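Have a look at the structure below before the remarks.
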Amino acid sequence: MSLTPAVPSLTTVTDPPSKVETELLILPVFEEDPLDDVPGLVDASGGQILRAQDSKELRGRPYEFFLTPVSGWSAPRVALVGAGKREEFDTERMRRTATAAALAARVRRVRRIAWVLRGDVDLRAAAQAAAEGLVLASFSIDRYKSVEKGGPPAEEIAIVVPPGRGDEARQAIERGRTLGECCNLTRELCNEPSNVLTPRELAARAAAIASGTELQVDVLDEHDLERLNMGLLLGVGRGSDERPRVIVLTHTPRASAGGRAGTHVLGLVGKGITFDTGGISIKPAEGMDRMKTDMSGGAAVIGAMRAISLLDAPIKVIGIIPAAENMPGGRAIKPGDVLTGAAGKTVEVINTDAEGRLILGDALWYAKELGATHLVDVATLTGACVVALGKVASGLFGQPEEWVDVVRKASSVAGDRAWPMPLYDEYAEQLKSEIADMINSGGRPAGACTAAMFLKEFAGGLPWAHLDIAGTAWAEDAKPWQPKGPTGVAVRTLAELAFTSETWK
Ligand code: BES
Ligand code: MN
Ligand code: ZN
C-alpha cells in the first residue's frame with residue numbers, strides 16, 4: 001500500500017537568494033525590517049518593497065503575504081511573509097510562518113517554492129521548524145472530492161541556508177521533513193470517515209504506515225483480548241459489529257545509545273475510538289459526525305511511532321492503540337453494567353459515553369505488562385477539556401511532576417501547546433461506586449480532571465502523563481497557518497519525547 005499524502009521533495013540550497021532556481025522565493029519579513037541581510041532584494045523589486053513598506057501595505061505583521069516580481073534574480077517572483085517582531089521570532093513562529101507561506105503559494109498554484117532562512121533562531125532548530133512547517137502545508141482535506149479545490153501541494157521545496165552551513169542544516173531539514181510527513185499521515189487517518197476506518201482498517205493502516213520502517217507490528221484480535229481479560233475494551237466494543245483491536249508498534253533502537261537505552265522504555269498509548277456514538281448513553285445528532293475523529297490520539301501514536309523509528313530514537317518505545325467502535329446495539333453495555341478490566345479492577349459503567357477512559361485503562365495496563373517504564377497517553381477524552389482550555393491548548397495531567405514537566409517541555413519544543421491541569425486526590429471521590437471499585441463518570445464538575453483521575457488508577461504507579469486533545473485534534477476555524485481539519489497534534493511531541501531520556505528520572 002503506498003502512503004498518502006505524497007511528500008514533496010525537500011532540498012537544502014546554499015546559493016545566495018538571488019541565484020536560487022525556483023518559481024517563488026519566499027522570505028519571512030519582520031516589522032520595520034530593512035532587509036539588509038538580503039543584498040539586492042529591495043532593488044530587484046524595482047521599488048515595490050519600499051513602496052509597500054512606506055504605505056504600510058507591508059508591515060511585517062504575522063502571516064501578511066506580499067508578492068512582487070523581481071528582475072535580475074533567478075526566481076521570477078519573491079513573496080514576503082510577515083513574521084512579526086524580529087526579537088520575538090522563535091521556532092514556533094518559524095514553523096507557522098512557513099506553513100502560512102506555503103499554503104498561500106498553494107492557493108496561487110505554485111509548484112516549486114524556496115524558503116529563505118532568516119532570523120536569529122539557532123540554525124538547526126530553525127531549519128527543522130521551517131521544514132516541518134513547509135511539509136505540513138502539503139496536507140489536503142479533500143481526498144473525497146471528485147474535483148480538487150484549494151490548490152495542489154508543492155512538488156519541490158528548497159530551503160535556502162547561509163553558505164558553508166549546508167551540512168549542518170541538511171540533517172535538521174531531513175528531521176523536519178520526517179516529522180511533517182508523519183503529522184500528515186496522522187491527519188489523513190483523522191480525516192477518514194468511520195465507514196472506511198474501522199478498528200480493523202486502523203490496524204491495517206498502522207501496518208502500512210509502519211512499512212519501510214523497522215517497527216514491529218502486532219495486532220491483537222478479539223480472541224487475544226479475551227485471553228488478556230481486557231473486559232473494559234471488550235465491553236466498549238460489544239455494541240458494534242466491528243470487533244475491537246489492540247495495535248502494538250514496537251521500536252527497538254538500532255544503535256543503542258548508552259546506559260539509558262536498556263532501562264528506559266517509553267509506552268505511548270492512544271485512544272482509538274473509530275466512532276463514538278456515545279453508545280446507549282447516545283449523543284445528540286448535532287455535531288456527532290465529528291466523532292469520527294475520536295481515534296486522533298491513536299493516530300498520533302501511529303504517526304509518532306513512524307517518526308521514532310525513521311529517526312532511530314535511542315530508547316525502546318512501545319506504541320499501543322486500543323481501537324473500538326462505540327455503538328448502541330442489542331449486545332451493547334448499558335448504564336449500571338459492571339466490567340472487569342485486565343488489571344483486575346471492576347468498573348460500574350454509569351455512562352457508556354465515557355468510553356475512552358475504559359479502553360485506555362486496559363491499554364495502560366498492557367503497556368506496563370509489555371515492559372514500559374514511563375507512560376504517556378493521548379486521547380480526545382472530554383468535552384470538559386474543551387470548555388477549560390478551548391481549542392488552543394491540550395490538557396496535560398500526570399504524576400510525578402518531574403515527568404509531567406518532561407512531557408511539557410517536549411510539547412513546547414514541538415509546537416504543540418499543552419497546559420498543566422491538576423489531579424487533586426479529592427477528584428477520586430467523584431468516582432466512587434456503590435457496588436464496584438469505581439464508576440466511569442464523575443459528572444460535570446472538573447470533568448477533564450476526573451477522567452484523568454480514572455486513568456491514573458491504571459498507570460500502575462509508573463510515571464505517567466495524559467494529554468487530553470479533545471479541543472486540539474481538529475481545527476474548526478481556518479487560520480493562516482492551519483487549515484480547518486485535523487491538526488496532527490501530539491505527533492511531534494511524542495517523537496521529541498523519545499529523544500529526551502537523558503533528562504528522565
Ligand atoms: N469522545 C468524547 C469526548 C470529546 C468531546 C472529544 C468533544 C472531542 C470533542 C468522549 O468519549 C466523551 O463522550 N466524553 C464525555 C464524558 C462524559 C460522559 C463523562 C463528555 O465529554 O461529555
Ligand atoms: Mn464518548
Ligand atoms: Zn469518545
*Can you name the residue in the range 277-288 that is under 24 Å from the mean Cα position of the chain (by Cα) and farther than 13 Å from Ala332 by Cβ and is also nearest to ligand 1 (Cβ to nearest atom) among such residues?*
Gly287
*Residues of the range 272-289 that turn out to be in contact (Cβ under 8 Å) with a residue 40 or more places away in the chain and over 14 Å from Leu197 (Cβ atoms), as a count*: 7
_Members of the range 336-383 found to be more than 20 Å from Pro244 (Cα to Cα), touching a strand residue (DSSP E or B) at 6+ places or on another chain (Cβ under 8 Å) and either modelled with pLDDT under 95 or within 16 Å of ligand 3 (Cβ to nearest atom) (or both), listed by number_ = Ile350, Thr382
*Tell me, which residue of the range 421-473 that is part of a loop (DSSP other than H, G, I, E, B), over 22 Å from Ile333 (Cα atoms) and among the small types (Gly, Ala, Ser) is farthest from ligand 3 (Cβ to nearest atom)?*
Gly461
*asked:* Is it the case, given these coordinates, that Pro422 is surrounded by fewer than 17 Cβ atoms within 10 Å (Cβ to Cβ), under 21 Å from Thr382 (Cα atoms) and in contact with a Cys (Cβ under 7 Å, 6 or more places away or on another chain)?
replied: yes
*Taking the stated definitions as given, is Thr293 more than 17 Å from Asp218 (Cα to Cα) and at pLDDT below 95?*
no
*Unique residue being within 16 Å of ligand 2 (Cβ to nearest atom) and not aromatic (Phe, Trp, Tyr) when the list is Met230, Met288*: Met288
*Restricting attention to the range 182-241, which residues are of a type in the set (Asp, Glu), within 23 Å of the chain's Cα centre (by Cα) and assigned to a loop (DSSP other than H, G, I, E, B)?*
Glu192, Glu214
*asked:* Being more than 16 Å from ligand 2 (Cβ to nearest atom), more than 21 Å from Asp276 (Cβ to Cβ) and surrounded by 23 or more Cβ atoms within 10 Å (Cβ to Cβ) is true for just one of Val301, Val338, Val317. Which residue is that?
replied: Val317
*Within the range 314-386, strands (runs of 3 or more DSSP E) holding 1 or more residues that are small (Gly, Ala, Ser) and within 12 Å of ligand 1 (Cβ to nearest atom)*: 316-326, 374-379
*For Gly84, state whether it is farther than 16 Å from Ala131 by Cβ, of a type outside the set (A, V, I, L, M), crowded, with 18+ Cβ neighbours inside 10 Å and touching a residue at least 24 places away in the same chain (Cβ under 8 Å).*
yes
*asked:* So, in the range 113-148, how many residues would count as being under 24 Å from the mean Cα position of the chain (by Cα) and buried (at least 24 other Cβ atoms within 10 Å of the Cβ)?
replied: 14
*Does the range 405-419 contain any residue that is in contact (Cβ under 8 Å) with a residue 60 or more places away in the chain and either within 16 Å of ligand 2 (Cβ to nearest atom) or assigned to a loop (DSSP other than H, G, I, E, B) (or both)?*
yes
*Within the range 71-105, can you find the residues that are in a helix (DSSP H, G or I) and over 19 Å from Val413 (Cβ atoms)?*
Arg86, Glu87, Ala100, Ala101, Ala102, Leu103, Ala104, Ala105
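The values are calculated or read from the model by the stated rules, or taken from the named source; none is laboratory data. In this text, all values refer to a predicted model and were calculated from it rather than measured experimentally. Here Cβ is always computed from backbone atoms with ideal geometry, including for glycine, and neighbour counts include all displayed protein chains.
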